[in-house]
1. Kindly indicate which of SER427, SER353, SER448 is outside any helix (DSSP H, G or I) and crowded, with 23+ Cβ neighbours inside 10 Å.
2. Here are some residues: LYS628, LYS587. Which one is assigned to a loop (DSSP other than H, G, I, E, B), among the basic types (Lys, Arg) and either under 26 Å from ILE540 (Cβ atoms) or in contact with a strand residue (DSSP E or B) (Cβ under 7 Å, 6 or more places away or on another chain) (or both)?
3. Quick check on the range 644-664. Is at least one of its residues part of a loop (DSSP other than H, G, I, E, B), buried (at least 17 other Cβ atoms within 10 Å of the Cβ) and under 21 Å from the mean Cα position of the chain (by Cα)?
4. Just to be sure, is GLY66 assigned to a loop (DSSP other than H, G, I, E, B), at pLDDT 95 or above, within 25 Å of ARG402 (Cα to Cα) and out of contact with any Leu (no Cβ under 6 Å at 6 or more places or on another chain)?
5. (1) more than 22 Å from ILE95 (Cβ to Cβ); (2) out of contact with any His (no Cβ under 9 Å at 6 or more places or on another chain): which one isn't true of TYR458, the others all being true?
6. Evaluate the range 524-532: report whether one residue or more is under 14 Å from the mean Cα position of the chain (by Cα) and in contact (Cβ under 8 Å) with a residue 24 or more places away in the chain.
7. Quick one: is ALA265 of a type in the set (A, V, I, L, M, F, W, C), surrounded by fewer than 21 Cβ atoms within 10 Å (Cβ to Cβ) and within 28 Å of SER390 (Cβ to Cβ)?
8. Go through SER278, SER272, SER311 for me and flag whichever is touching a residue at least 60 places away in the same chain (Cβ under 8 Å) and open to solvent by 10 Å² or more (accessible area, probe 1.4 Å).
Amino acid sequence: MLGSLSLLAATPFAFRSFSPSPNNNRFLSSAINHQIAKQLATESGRGSQKLLRRHVFPVYRRVSYGSPISAVMTDDSSTVTTSEEDTQNIGILDIDSALRQFKDHFQYRIKKYVDQKNLFENYEGGLEEFAKGYLRFGFNREEDGIVYREWAPPAQEAQVVGDFNGWDGSNHKMEKNEFGVWSIKIPDSEGNPAIPHNSRVKFRFKHGDGVWVDRIPAWIKYATVDPTRFGAPYDGVHWDPPPSERYEFKYPRPPKPKAPRIYEAHVGMSSSEPRINSYREFADDVLPRIQANNYNTVQLMAVMEHSYYASFGYHVTNFFSVSSRSGTPEDLKYLIDKAHSLGLRVLMDVVHSHASNNVTDGLNGFDVGQSSQESYFHTGERGYHKLWDSRLFNYGNWEVLRFLLSNLRWWLEEFKFDGFRFDGVTSMLYHHHGINMPFTGDYNEYFSDATDVDAVVYLMLANSLINSILPDATVIAEDVSGMPGLGRPVSEGGIGFDYRLAMAIPDKWIDYLKNKNDEEWSMTDLSCSLTNRRYTEKCISYAESHDQSIVGDKTIAFFLMDKEMYSGMSCLTDASPTIDRGIALHKMIHFITMALGGEGYLNFMGNEFGHPEWIDFPREGNGWSYEKCRRQWTLVDTDHLRYKFMNAFDRAMNALDDKFSFLSSTKQIVSCTDEENKVIVFERGDLVFVFNFHSENTYDGYKVGCDLPGKYRVALDSDAWEFGGHGRVGHDVDHFTSPEGIPGVPETNFNNRPNSFKVLSPARTCVVYYKVDESVEETNGINVISVSETLEMDASKQKNAEESAILILPRLIMEIKKIHKKLMIVTQPVSMRNCKKMEQSRKVLKNQQLLC
């Protein structure tokens, strides 16, 4: 089955329309195009392999201005071919045999991908060279001057204007070539650039109606707005700082982690004050917090310039420009370099699914009614997203491919980003953009006429490019549809992403919190929702992101505790039942999402400590207030407030993965979903996780299954005092396994596990157990590989080592056993009556750790 048959006619000859030349004799007629399309559709309908063998395509003659600028179809008799081998060995069909019925579709899109790469190779020097468009388009220094180029086929006349010429372009008229590219070289003046650094510029052109308009250059590298004028339009800025003002990177990229633990952040709203934060302030003040909580990756939102702040950065106006609200390009480089110095990788939230509808500020201003092949966007309904009020790219257009692929390379090479999170991928994959489409998992929903094969091929090219430039890049797709193959390599016939976001998980939690009381929570349903992902396609799990707390909704903490967060978070009084429940479930929800929901984890800025309320950007409806567009760091920094407990547990979750690498383990077995007792037991790697969601019941001697025999101890306990719990679980207790059933006969085992051990499982707690490697224990009984010892942080990374994430208290010498008695750490429940008692225990615990 093919993708969109409407693309068949355009695809082999898509580039014919990139030339604005009026001489139509240079191009094959639409009748020939129609005949070829009809032939392709007929052959495909028969399942004929001829489709994959040889088709003669017109070739594109390179047009050079020192390097290729464009490619057009000529009457050259040369041919470009695709080998049958390229489209026959489709590895994804071996992974999922149910996809074999769509083999024709996969062969078709692979053929388009291979043919496109061949065209790049033959006429642009290859995909990587093609993606260096920013070195040719826009403003660039060339010998003794500045050369400016802009692709604008519908323009009748064009000038470059700006501060440098008093906004009078009469002496700076541009010339248009046959491919719709306007250019001008502006010589240096007395050895200095004619256009000064940091001065304003615009592209002025006259379109078919005889009207002159000013637009921000499409490839501009910086854009600013007059902050003193309300609603003022943005101006393009020529950014070419002298060497003394350019930021030079000092630190190498950190290595790619086994599993990304991602901290999603918005620089602008990262200040504790009601204002827009800067890149440098974020680097100096927020990055250390992220590192201290043991994240290994930062995902930055709203980096690309967007004129409407409340769009959260998703209505991009200037694709090569950093958002000027938070600083300059050099400031962003400082942020990324600082992150690298802290061992943090940085991903960019890239938006190639649509563009802002703004005319004066963005790409849409270049659309003056021309055909889609002379525009960045499709025409008519296909070029407009009715829910987002934005424009949609024509991914079959040569110059659009150049623009978007070059955009990816620009951010990787100029700013040293370590990868991308592609926004709105579902909208790209389908002509219906996912609107009113309840995906059920039926494969026909993914491979039909509704599939936008041009967009699929673009994403394949994008991932191929990213991996060739930066093999260790991390690339994530925001896709709600679950398209098979999205997370498999291009070489297998997949689209090439490393991960997809597990977008159904936060929806499940919101449904439970809004519509179900605690007794109605289904352990089976939760387990199935968390593990429902495609085999061999990795996911990033998250309980909540920025989406879940936008105005009209709430953070999970606020759902759980609501108005009591304003009055009940002080440690100077006993916690109310609502606060006690809220903190307990907040820890459990985030942790089971991390441990069971994917191969990576994501948290949005502030949610690690239970940020209250919601996000509301300045807008007319709230009086342009920044009050709800900030992060209240003082809440977690105030020692007598309970926010610190959730933050400490978040740090512990990440530290646990640092130690045991359970996120990257392919071993994931859910052995128990106990509906009556509200317990979920599963293994991830060699760790055993026990979640008790019951609101009241504590189970002493609860039997849990496991794979490996031996001795187990507590690795992480949400009920520990350091996490705002009640200290009911003994951390110095050894749990010895017992064999279950007949060896090698799973049906005779306990919950299909060959071994078991018994634990204390208090209500609303989660406890993780690790297997002790007894071979390295010394004869005096001290565990020399104590987890708590291996998780000690440097003072610079962890200012509160006494709140260390993993609370493994090894069996120690008699002096420490006496301290244990003082702490009353035994297997019987111990209640923490108030935070004062907890503080005393922490001091003793600190001494205990020092003795270790």
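The values are calculated or read from the model by the stated rules, or taken from the named source; none is laboratory data. What you see is a predicted model, and the numbers here were worked out from it, not measured in a lab. Neighbour counts are summed over all protein chains in view; Cβ atoms, including those assigned to glycine, are modelled from backbone coordinates with ideal geometry. Protein only, heavy atoms only, side chains kept; ligands, DNA and RNA dropped before computing areas. Shrake-Rupley method; radii C 1.70, N 1.55, O 1.52, S 1.80 Å.
1. None of the other options fit; the residue is SER353.
2. From the options LYS628, LYS587, the qualifying one is LYS628.
3. Yes, the range 644-664 contains a residue that is part of a loop (DSSP other than H, G, I, E, B), buried (at least 17 other Cβ atoms within 10 Å of the Cβ) and under 21 Å from the mean Cα position of the chain (by Cα).
4. no
5. (2)
6. no
7. So ALA265 does not fit the description; no.
8. The unique qualifying residue is SER272.
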